[in-house]
2 protein chains.
Amino acid sequence: MKLGSDVPMTRNDAPIVVLDSGLGGLTVVQALHARMPQERIVYFGDTARLPYGSKTPATVTHFVEQIIHYLEPFQPKHVVIACNTASALALESVRETFPDLSITGVVEPGARAAVDALRPGEEPVIGVIATEATVRSRAYVLAIEDLCPSARVITRATPLLVHVIEEGRELDDPLVRLCLQQYLAPILDRRPSALVLGCTHYPILRPLICELVGKQVSVIDSAAQCAQDVREHLAERGLLRDAGYDMLESIRPAGLPPIDAPAESWLQCYVTDDSPRFAMLASRFLGITVAPPEVVSPDELFANLTAQAL
Amino acid sequence: MKLGSDVPMTRNDAPIVVLDSGLGGLTVVQALHARMPQERIVYFGDTARLPYGSKTPATVTHFVEQIIHYLEPFQPKHVVIACNTASALALESVRETFPDLSITGVVEPGARAAVDALRPGEEPVIGVIATEATVRSRAYVLAIEDLCPSARVITRATPLLVHVIEEGRELDDPLVRLCLQQYLAPILDRRPSALVLGCTHYPILRPLICELVGKQVSVIDSAAQCAQDVREHLAERGLLRDAGYDMLESIRPAGLPPIDAPAESWLQCYVTDDSPRFAMLASRFLGITVAPPEVVSPDELFANLTAQAL
């Protein structure tokens, strides 16, 4: 498949690239689209090699670099690494590999939103639930301490949650409740002020998590902050697309379909394995029906990288 | 890394290759070693791309073919696809790709052991728990019906179990019990005579599964039957190694270390990602400490295949 033909006419028309180990990053796509409905988004989910959360930094970094190499012909105006594990393990290295690209992750925005949520006079105790690899990387601890050196950060690996969500379990399933109770108990013992949902899947469980932690704990979802940051970044550089579009849509005649249908008009999805879960999970994470994705095998990613190196 | 230097001197000295999406296939290694302690075993776990159970037949078949291509220089006397998903999705195609290799899986042995466990006069109802991909493939249904056309097969995808085990949860964890109860309930409603553990991870949960299903249900673990079949296959062809070895060991003087320590002498492990879980899971599945594995990246597998094709 040739991507070059899709190169945009002007810099503002260039898409935002969002990449993830699987489909959880679609929660970030939703947050971006809610704030910038006029932007084109290219989404890449590495479904043949997911999950990243149990794998090593070297392997995850390499996978992410292959994906960005593959998507370079889109000349994206911004790249979001929407996977917490990949942000934690690979962001720094990937920025060095692609110095001309503007790339952000989800860990720093999540850490900042958590610190912002601390109320004056409160003990600065912040809980973080995430994958094993994210916890092991200490990325959230470092990012939070950087912003608030007095913070005490309690991280907990919660590897089952991704699979509970991907299986399609509902919030009233007793297993979902038990699983969350077990994972959250040692964090709640330390009386945190905020809890960071350190994986893009977890916002699906947000209502139940909020119920279990109680009103005194701010539940932080990094997707919202990440999307806000990307909007500000693009606005500062005059890179937002067609700024009048929002207003135009707001005077759209009643009876026309909502602007996010069909999704094809603004969203293009790529996956490395054509999982039969795509339709179910995409609509669960994004809240709308998504057109079938293009499939790019891991071999194509590798061959593409090798061809560029020659 | 060069494998060719490891080519055995005689056909009987050639190793048995066991491959899996991850480390669950080590339960098959254990069953093989228990029956043939004199055999050399080469184990390959595709830890960078696991799990296979949520992926498509095309992707899984391609991964398995890459691995066998890579291990061909060992000139194995037998190859066991120790992953139920890979056996269900890829075995037939892989046999066509490698007509000179003797290759077996774990689905057919599991199906046969289940049919053998049926008692005369009983309703031939067999339950199967497995990954989503294995269930979708209907491989167990077809294999069981082939052996016993009157059998009624009830299959159930149980995707969380692998992750529950990989997280290291113990049998007395209430979440493990609840998870199994939920998955088994609709099968037990149909009053099965046998239950097949259709994933190499599940034998870890066997004591709790046996408790939950009750004594009237035979719990079938395909690893044992698979290992027995491999032994018979090699014996029939005169390919067992050093047949006197067993007897020799049985008269081993007391006080010497048991024959399976150190494991290095008979077992060589390869993985595609150097997971920090390896040591914990390997000892859990195999029951002994295993030397650190060699790491072969997915790129090396791809490059190897491409080089052979030129």
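The values are calculated or read from the model by the stated rules, or taken from the named source; none is laboratory data. Owing to the predicted nature of the structure, the values given are computational and were not obtained by experimental measurement. Virtual Cβ from ideal backbone geometry, glycine too; neighbours counted across all protein chains shown.
I want to confirm something. Restricting to region A:146-197 and keeping residues that are surrounded by fewer than 17 Cβ atoms within 10 Å (Cβ to Cβ) and either at pLDDT below 95 or acidic (D, E) (or both), which single residue is nearest to A:M280 (Cα to Cα)?
A:G168
Please go through region A:10-40 and give me each residue that is in a loop (DSSP other than H, G, I, E, B), touching a Phe, Trp or Tyr at 6+ places or on another chain (Cβ under 6 Å) and among the hydroxyl-bearing types (S, T, Y), ordered by number.
Result: A:S21, single match.
Would region A:49-64 turn up any residue that is in the same structural domain as A:L267 (by TED's automatic domain parsing), part of a helix (DSSP H, G or I) and under 25 Å from A:Q228 (Cα atoms)?
Kept after step one, since they are in the same structural domain as A:L267 (by TED's automatic domain parsing), are these residues of region A:49-64: A:49-64.
Going one step further and asking which of them are part of a helix (DSSP H, G or I), we end up with A:57-64.
Going one step further and asking which of them are under 25 Å from A:Q228 (Cα atoms), we end up with A:64.
Yes; the residues of region A:49-64 include at least one that is in the same structural domain as A:L267 (by TED's automatic domain parsing), part of a helix (DSSP H, G or I) and under 25 Å from A:Q228 (Cα atoms).
Residues to consider are B:R95, B:R11, B:R119; find the one that is touching a residue at least 60 places away in the same chain (Cβ under 8 Å), assigned by TED's automatic domain parsing to the domain that holds B:R241 and of a type in the set (K, R).
On the way: B:R95 fails: touching a residue at least 60 places away in the same chain (Cβ under 8 Å); B:R119 fails: assigned by TED's automatic domain parsing to the domain that holds B:R241.
Checking each option against the conditions leaves just B:R11.
Please state which of the following conditions A:A82 fails to meet, knowing it meets all the rest: (1) in contact with a Gly (Cβ under 6 Å, 6 or more places away or on another chain); (2) within 14 Å of chain B (Cβ to nearest Cβ).
Evaluating A:A82 over (1) in contact with a Gly (Cβ under 6 Å, 6 or more places away or on another chain); (2) within 14 Å of chain B (Cβ to nearest Cβ) leaves (2) as the failure.
I need the full set of residues from region B:78-92 which are without any contact (Cβ under 8 Å) to a residue 40 or more places away in the chain and buried (at least 18 other Cβ atoms within 10 Å of the Cβ), in order please.
From region B:78-92, those without any contact (Cβ under 8 Å) to a residue 40 or more places away in the chain are B:90-92; that's our starting set.
Once the filter is applied, which keeps residues that are without any contact (Cβ under 8 Å) to a residue 40 or more places away in the chain and buried (at least 18 other Cβ atoms within 10 Å of the Cβ), region B:78-92 yields B:A90, B:L91.
If you go through region B:280-294, how many residues are within 14 Å of chain A (Cβ to nearest Cβ) and either at pLDDT below 80 or over 17 Å from B:E170 (Cα atoms) (or both)?
Taking region B:280-294 as the starting set, the residues that turn out to be within 14 Å of chain A (Cβ to nearest Cβ) are B:280-281, B:292-293.
Checking the rest, the ones that are also either at pLDDT below 80 or over 17 Å from B:E170 (Cα atoms) (or both) come to B:292-293.
Going through region B:280-294 one residue at a time, the tally reaches 2.
Kindly indicate whether any position in region A:266-279 is away from chain B (no Cβ under 12 Å), in contact (Cβ under 8 Å) with a residue 24 or more places away in the chain and over 18 Å from A:E39 (Cβ atoms). Break it down into steps so the answer makes sense when it comes.
Taking region A:266-279 first, the residues away from chain B (no Cβ under 12 Å) are A:266-270, A:279.
Pick out the ones that are also in contact (Cβ under 8 Å) with a residue 24 or more places away in the chain and you get A:266-270.
Then drop every residue that is not over 18 Å from A:E39 (Cβ atoms), which leaves none.
No, every residue in region A:266-279 fails to be away from chain B (no Cβ under 12 Å), in contact (Cβ under 8 Å) with a residue 24 or more places away in the chain and over 18 Å from A:E39 (Cβ atoms).
Mind listing whichever residues of region B:168-181 are free of Cβ contacts under 8 Å to residues at least 24 places away in the same chain and either of a type in the set (F, W, Y) or in contact with a Leu (Cβ under 6 Å, 6 or more places away or on another chain) (or both)? It would help to see each step written out before you state the result.
We begin by selecting, within region B:168-181, every residue free of Cβ contacts under 8 Å to residues at least 24 places away in the same chain; these are B:169-170, B:172-175, B:178-179.
The answer is B:L175, B:L178, B:C179.
Considering every residue within region B:92-106, establish whether at least one is part of a strand (DSSP E or B), more than 14 Å from every other protein chain (Cβ to nearest Cβ), closer than 23 Å to B:L23 by Cβ and not charged (D, E, K, R).
Filtering region B:92-106 down to residues part of a strand (DSSP E or B) leaves B:103-104.
The next check asks that each one be more than 14 Å from every other protein chain (Cβ to nearest Cβ); those that pass are B:103-104.
Those still in the list that are closer than 23 Å to B:L23 by Cβ too: B:103-104.
Those left that are additionally not charged (D, E, K, R): B:103-104.
For region B:92-106, residues part of a strand (DSSP E or B), more than 14 Å from every other protein chain (Cβ to nearest Cβ), closer than 23 Å to B:L23 by Cβ and not charged (D, E, K, R): present.
Residues of region A:272-302 being crowded, with 21+ Cβ neighbours inside 10 Å and β-branched (V, I, T), which ones?
A:T272, A:V290, A:V296
Would you confirm whether or not region B:41-61 contains a residue that is aromatic (F, W, Y), crowded, with 21+ Cβ neighbours inside 10 Å, in contact with a Phe, Trp or Tyr (Cβ under 8 Å, 6 or more places away or on another chain) and closer than 24 Å to B:R241 by Cα? Steps first, answer last, please.
So the first thing to find is which residues in region B:41-61 are aromatic (F, W, Y), and the list is B:43-44, B:52.
Subsequent filtering for residues that are crowded, with 21+ Cβ neighbours inside 10 Å retains B:43-44, B:52.
With in contact with a Phe, Trp or Tyr (Cβ under 8 Å, 6 or more places away or on another chain) added as a condition, the list becomes B:43-44, B:52.
Then keep just the ones that are closer than 24 Å to B:R241 by Cα; that gives B:43-44.
There is at least one residue in region B:41-61 that is aromatic (F, W, Y), crowded, with 21+ Cβ neighbours inside 10 Å, in contact with a Phe, Trp or Tyr (Cβ under 8 Å, 6 or more places away or on another chain) and closer than 24 Å to B:R241 by Cα.
Which number in (1) under 13 Å from B:S222 (Cβ atoms); (2) touching a Cys at 6+ places or on another chain (Cβ under 8 Å); (3) outside the structural domain of B:W266 (by TED's automatic domain parsing) marks the one condition that B:A114 misses?
With (1) under 13 Å from B:S222 (Cβ atoms); (2) touching a Cys at 6+ places or on another chain (Cβ under 8 Å); (3) outside the structural domain of B:W266 (by TED's automatic domain parsing) applied to B:A114, the lone miss is (2).
Could you check region A:170-190 and list, in sequence order, the residues that are within 13 Å of chain B (Cβ to nearest Cβ), over 16 Å from A:A157 (Cβ atoms) and among the aliphatic types (A, V, I, L, M)?
A:L175, A:V176, A:L178
Tell me, yes or no, whether region B:125-146 has at least one residue that is under 23 Å from B:R277 (Cα atoms) and in the same structural domain as B:R206 (by TED's automatic domain parsing). I'd like the intermediate steps shown before the answer.
Restricting attention to region B:125-146, the residues satisfying the condition of being under 23 Å from B:R277 (Cα atoms) are B:130-131.
Those still in the list that are in the same structural domain as B:R206 (by TED's automatic domain parsing) too: B:130-131.
Checked region B:125-146: at least one residue is under 23 Å from B:R277 (Cα atoms) and in the same structural domain as B:R206 (by TED's automatic domain parsing).
When you go through (1) touching a residue at least 24 places away in the same chain (Cβ under 8 Å); (2) over 22 Å from B:L50 (Cα atoms); (3) more than 10 Å from chain A (Cβ to nearest Cβ) one by one for B:P149, which number turns out not to apply?
For B:P149, the exception is condition (1).
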